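Everything on this sheet refers to the single structure shown next.
The values are calculated or read from the model by the stated rules, or taken from the named source; none is laboratory data. Worth saying up front: this structure is predicted, and the values here are computed from it rather than measured. FYI the Cβ positions are ideal-geometry reconstructions off the backbone, even for glycines, and counts take in every protein chain you see. Note: accessible area is taken over every heavy atom of the protein model, side chains too, but ligands, DNA and RNA are not part of it. Shrake-Rupley method; radii C 1.70, N 1.55, O 1.52, S 1.80 Å.
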Amino acid sequence: MKGTTAVPGDKSISHRALILGGMAQGETRITGLLEGQDELHTAAAVQALGAEVERLGEGSWRVRGALWRSPTETIDAGNSGTGVRLLMGAVAGYPIEVRFTGDKSLSSRPMNRVLDPLREMGARADASEGGRLPVTLRGETLHGIAFVNAKASAQVKSAILLAGLRARGDVEVIEPAPSRDHTEHMLRAFGCDVEVTETPQGRRIRLREQRSLTACDVEVPGDPSSAAFPLVAALVTPESEVTVTNVMLNPLRTGLFATLQQMGADLSFTNRRNLGGEEVADITARSSILRGVDVPAERAPSMIDEYPILAIAAAFAQGTTRAHGLAELRVKESDRLAAILAGLRACGVDAHDEGDTLIVQGGAPAGGGNITTHGDHRIAMSFLVLGLAAHEPVAVDEAGMIATSFPGFADLMRGLGAKVEVVA
């Protein structure tokens, strides 16, 4: 594999740009928006809630904010946990009623982690059994909250902050371990006064008195989670050199890159610059001899979406890789930890779990597996990458869901020289 490419815009920032633009006064112009199925569901939801949303061209969108109203139909979030949880937080501050649903995978995922603090702030929410979708949320006049974000969930923190924009009283989130801070950055860009301080209990994020939003232009950088796939493919495929341009390097999102370098990966970062409040760079990966490492639990929040592709790198590494603190993987689009283990074993890799620790014995994967993805786009892409360098090709049972986060994945990989085929 050789060449230079660009990956779609960052998923987290794309969702937030659409939602904040829909709440802000004035017109927000967004460039580089990820146009995956998840983001299109969020765009449709923001429009159904009363904002003007228009696609101007590839990755280019216009959003004119409005006072949100009750939609005439159920909001369908598709497969997007980020979209539905952030929308719930945003909706909670308006005196409206909204019913949320999603696809089969999303409807199996827990929502009480977000609904419970929103209820504590005064919102009313009726969920299905087990706190799952469909959920009917009735916004109210909210009051403040001091919430301890023990699970380091950026989605929970963001939902509280978005609800807090229209709440009375102090709104703060304490994080014993930091989670992704895109919401804090973007709220500031839209004119909200967000205070972040370090305390003995952890990082404290507090909304100050100025909470109104004013439209601004948003340029979305490349998604580091998407960049991981061609970069790891280059590391494990002989005689490869791949550069991915314009990749976001927010320090709370770069745990995978730090881990790969610890494993001996030949990664270089050039053309570092600032884009919309986020550091970006061009990243080059060259074929490397990797070694197994221990990945500490405290690194998990900065790479929670990248463990499937890390497992592929670990399968090609010399020695044993142990990744700790992966409880969150059991409540993603699928039970990702179980899906990773099943896929690795199907490809002849010695792997098991001990509690919330993933243990992979590296070597030269045989491949040849037919992978059950459980509708999980990251599982599908990760095992297609394994197949590129394994002894035998690897097949996945579904590939259509890849478009939820990485439209054009197969074409991009083929453009770099990878053999990725769609078969009947």
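Take the stretch 306-338 and flag every residue that is open to solvent by 20 Å² or more (accessible area, probe 1.4 Å) and of a type in the set (D, E, K, R). Write out each step before concluding.
At the first step, the residues of the stretch 306-338 found to be open to solvent by 20 Å² or more (accessible area, probe 1.4 Å) are 316, 318-320, 322, 324-325, 327-328, 330-332, 335, 338.
Those that are open to solvent by 20 Å² or more (accessible area, probe 1.4 Å) and of a type in the set (D, E, K, R): R322, E328, R330, K332, D335.
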*Restricting the stretch 343-376 to residues that are in contact with a Ser or Thr (Cβ under 7 Å, 6 or more places away or on another chain), in a loop (DSSP other than H, G, I, E, B) and farther than 20 Å from T237 by Cα, which is most open to solvent (accessible area, probe 1.4 Å)?*
H374
_Residues located in the stretch 60-83, provided they are at pLDDT 95 or above, small (G, A, S) and closer than 13 Å to A43 by Cα_ = S60, G65, A77, G83
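When you look at T136, is it open to solvent by less than 30 Å² (accessible area, probe 1.4 Å), of a type in the set (V, I, T) and either under 24 Å from S14 (Cβ atoms) or within 25 Å of the chain's Cα centre (by Cα) (or both), yes or no? Steps first, please.
Working: open to solvent by less than 30 Å² (accessible area, probe 1.4 Å): yes; of a type in the set (V, I, T): yes; either under 24 Å from S14 (Cβ atoms) or within 25 Å of the chain's Cα centre (by Cα) (or both): yes.
So T136 passes the test.
If you go through the stretch 277-285 one residue at a time, do you hit one that is assigned to a helix (DSSP H, G or I), in contact with a Leu (Cβ under 8 Å, 6 or more places away or on another chain) and surrounded by 17 or more Cβ atoms within 10 Å (Cβ to Cβ)? Step through it out loud before you land on a result.
Initially, the stretch 277-285 is screened for residues assigned to a helix (DSSP H, G or I), giving none.
No - not one qualifying residue is present in the stretch 277-285.
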*Close pairs (7 angstrom Cβ cut-off, 6 or more residues apart or separate chains): open to solvent by 60 Å² or more (accessible area, probe 1.4 Å) in the stretch 261-276, small (G, A, S) and part of a strand (DSSP E or B) anywhere*: D266/A285; T270/A281; N271/A281; R272/A281
*Which residue pairs have Cβ atoms closer than 9 Å, lie 6 or more positions apart in sequence or on different chains, and pair a first residue in the stretch 187-203 that is free of Cβ contacts under 8 Å to residues at least 24 places away in the same chain and open to solvent by 10 Å² or more (accessible area, probe 1.4 Å) with a second residue that is part of a strand (DSSP E or B) and among the hydrophobic types (A, V, I, L, M, F, W, C)?*
D193/L207; E195/I205; E195/L207; V196/I205; T197/I205
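Inspect all residues belonging to the stretch 327-339 and state whether any of them is farther than 22 Å from T82 by Cβ and within 22 Å of the chain's Cα centre (by Cα).
Just the residues of the stretch 327-339 that are farther than 22 Å from T82 by Cβ, to begin with: none.
So far as the stretch 327-339 goes, no, none of its residues is farther than 22 Å from T82 by Cβ and within 22 Å of the chain's Cα centre (by Cα).
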*Residues located in the stretch 286-305, provided they are surrounded by fewer than 16 Cβ atoms within 10 Å (Cβ to Cβ), among the aliphatic types (A, V, I, L, M) and assigned to a helix (DSSP H, G or I)*: A297
*Might you let me know whether the stretch 38-52 holds any residue that is in contact with a Pro (Cβ under 7 Å, 6 or more places away or on another chain) and touching a residue at least 24 places away in the same chain (Cβ under 8 Å)?*
yes
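Based on what the data block shows, is R69 part of a loop (DSSP other than H, G, I, E, B), more than 19 Å from the chain's Cα centre (by Cα) and either on the phi > 0 side of the Ramachandran plot or in contact (Cβ under 8 Å) with a residue 12 or more places away in the chain (or both)?
Yes; evaluated as a whole, the condition is true for this residue.
Residue by residue, here is whether (1) open to solvent by less than 10 Å² (accessible area, probe 1.4 Å); (2) on the phi > 0 side of the Ramachandran plot; (3) at pLDDT below 95; (4) not basic (K, R) holds:
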site	(1), (2), (3), (4)
G93	yes, no, no, yes
R132	no, no, no, no
L142	yes, no, no, yes
S153	no, no, yes, yes
_For the structure I just gave you, tell me whether S225 is surrounded by 21 or more Cβ atoms within 10 Å (Cβ to Cβ) and out of contact with any Asp or Glu (no Cβ under 8 Å at 6 or more places or on another chain)._
no
*Which numbered condition A364 misses (of (1) modelled with pLDDT under 95; (2) within 22 Å of A227 (Cβ to Cβ))*: (2)
*Check the stretch 142-155 and report whether any residue there is in contact with a His (Cβ under 8 Å, 6 or more places away or on another chain) and in contact (Cβ under 8 Å) with a residue 12 or more places away in the chain.*
yes
*Filtered residue count, the stretch 131-150, keeping only those that are more than 18 Å from N112 (Cβ to Cβ), of a type in the set (A, V, I, L, M, F, W, C) and part of a loop (DSSP other than H, G, I, E, B)*: 0
